[in-house]
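K.L.:
Below is a structure I'd like to ask you about.
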Amino acid sequence: QVQLVESGGGLVQAGGSLRLSCAASRIDFRVDDMGWYRQAPGKQRELVARIRSGRNTYYADSVKDRFTISRDFAKRSVYLQMNSLKPEDTAVYYCAAIRVPANIWGQGTQVTVSS
């Protein structure tokens, strides 16, 4: 059974930083595109950042120049470095192996940014 386990969420003041980690097991980590999504209360889940197996990256406009996605093939992990956090970044953040027709999801980690 594929497992994605996130860690690193928490409470931070606006302007602060957090680093999310996602450890993957039982998937071909070399092949899968990996992504970070988030879901705020009352809103749809949205893609925040994606990294391909070839390390090409994509960022939502709302997080460009503030967030950085990276992956470590040896550690089978993907990371999201979040800087200059804003209250509107508050959400549950999910790691995903991006697949068709359906992603594989982690359990999520809460990020709360206070003003």
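The values are calculated or read from the model by the stated rules, or taken from the named source; none is laboratory data. Note that the structure is a prediction, hence the values are computed from the model and not measured. Neighbour counts run over all protein chains shown; Cβ positions are idealised from the backbone, glycine included. Side chains are part of the model used for accessible areas, which takes the heavy atoms of the whole protein and leaves out ligands, DNA and RNA. Shrake-Rupley method; radii C 1.70, N 1.55, O 1.52, S 1.80 Å.
K.L.:
Quick check on the range 85-105. Is at least one of its residues over 10 Å from the mean Cα position of the chain (by Cα), of a type in the set (Phe, Trp, Tyr) and within 12 Å of residue 36 (Cβ to Cβ)? Steps first, answer last, please.
P.N.:
Filtering the range 85-105 down to residues over 10 Å from the mean Cα position of the chain (by Cα) leaves 85-91, 97-105.
Next, from what is left, pick out any that are of a type in the set (Phe, Trp, Tyr): 105.
Narrowing the set further to residues that are within 12 Å of residue 36 (Cβ to Cβ) leaves 105.
Among the residues of the range 85-105, at least one is over 10 Å from the mean Cα position of the chain (by Cα), of a type in the set (Phe, Trp, Tyr) and within 12 Å of residue 36 (Cβ to Cβ), which makes the answer yes.
K.L.:
Restricting the search to the range 24-56, which residues are basic (Lys, Arg) and either under 17 Å from residue 112 (Cα atoms) or not in a loop (DSSP other than H, G, I, E, B) (or both)? Steps first, answer last, please.
P.N.:
Within the range 24-56, the subset basic (Lys, Arg) is 26, 30, 38, 43, 45, 50, 52, 55.
Hits for the range 24-56 are 38, 43, 45, 50.
K.L.:
Out of everything in the range 74-89 that is of a type in the set (A, V, I, L, M) and in a strand (DSSP E or B), what residue ends up being modelled with the lowest pLDDT? Lay out the reasoning, then the answer.
P.N.:
Within the range 74-89, the first condition is being of a type in the set (A, V, I, L, M), and the residues that meet it are 74, 78, 80, 82, 85.
This time we only want the ones that are in a strand (DSSP E or B), so: 78, 80, 82.
Details: 78: 95, 80: 98, 82: 98.
Of everything passing the filter in the range 74-89, 78 is modelled with the lowest pLDDT.
K.L.:
Something else about it: Say whether the condition of being part of a strand (DSSP E or B), over 11 Å from the mean Cα position of the chain (by Cα) and under 17 Å from residue 113 (Cα atoms) is met by at least one residue in the range 57-73.
P.N.:
So far as the range 57-73 goes, no, none of its residues is part of a strand (DSSP E or B), over 11 Å from the mean Cα position of the chain (by Cα) and under 17 Å from residue 113 (Cα atoms).
K.L.:
If you don't mind, another one. Can you tell me how many residues in the range 38-61 are of a type in the set (Gly, Ala, Ser), open to solvent by less than 60 Å² (accessible area, probe 1.4 Å), closer than 19 Å to residue 110 by Cα and out of contact with any Leu (no Cβ under 7 Å at 6 or more places or on another chain)?
P.N.:
1
K.L.:
Working carefully through the options 6, 88, 46, find the one that is in contact with a Gly (Cβ under 9 Å, 6 or more places away or on another chain) and among the acidic types (Asp, Glu). Before you say what the answer is, go through the steps one by one.
P.N.:
Details: 88 fails: in contact with a Gly (Cβ under 9 Å, 6 or more places away or on another chain); 46 fails: in contact with a Gly (Cβ under 9 Å, 6 or more places away or on another chain).
One residue alone meets the criteria, 6.
K.L.:
Which pairs do you get when a residue that is assigned to a loop (DSSP other than H, G, I, E, B), found in the range 90-104, comes within reach of a residue that is open to solvent by 40 Å² or more (accessible area, probe 1.4 Å) and modelled with pLDDT of 90 or more, reach meaning Cβ atoms under 8 angstrom, with the pair 6+ apart or on two chains?
P.N.:
Listed by first residue and then by second, the contacts come to 90/112.
K.L.:
For the range 23-37, does any single residue satisfy the condition of being open to solvent by 60 Å² or more (accessible area, probe 1.4 Å), under 20 Å from residue 9 (Cα atoms) and at pLDDT 95 or above?
P.N.:
Residues of the range 23-37 open to solvent by 60 Å² or more (accessible area, probe 1.4 Å): 26, 28, 30-31.
Subsequent filtering for residues that are under 20 Å from residue 9 (Cα atoms) retains none.
No: the range 23-37 contains no residue that is open to solvent by 60 Å² or more (accessible area, probe 1.4 Å), under 20 Å from residue 9 (Cα atoms) and at pLDDT 95 or above.
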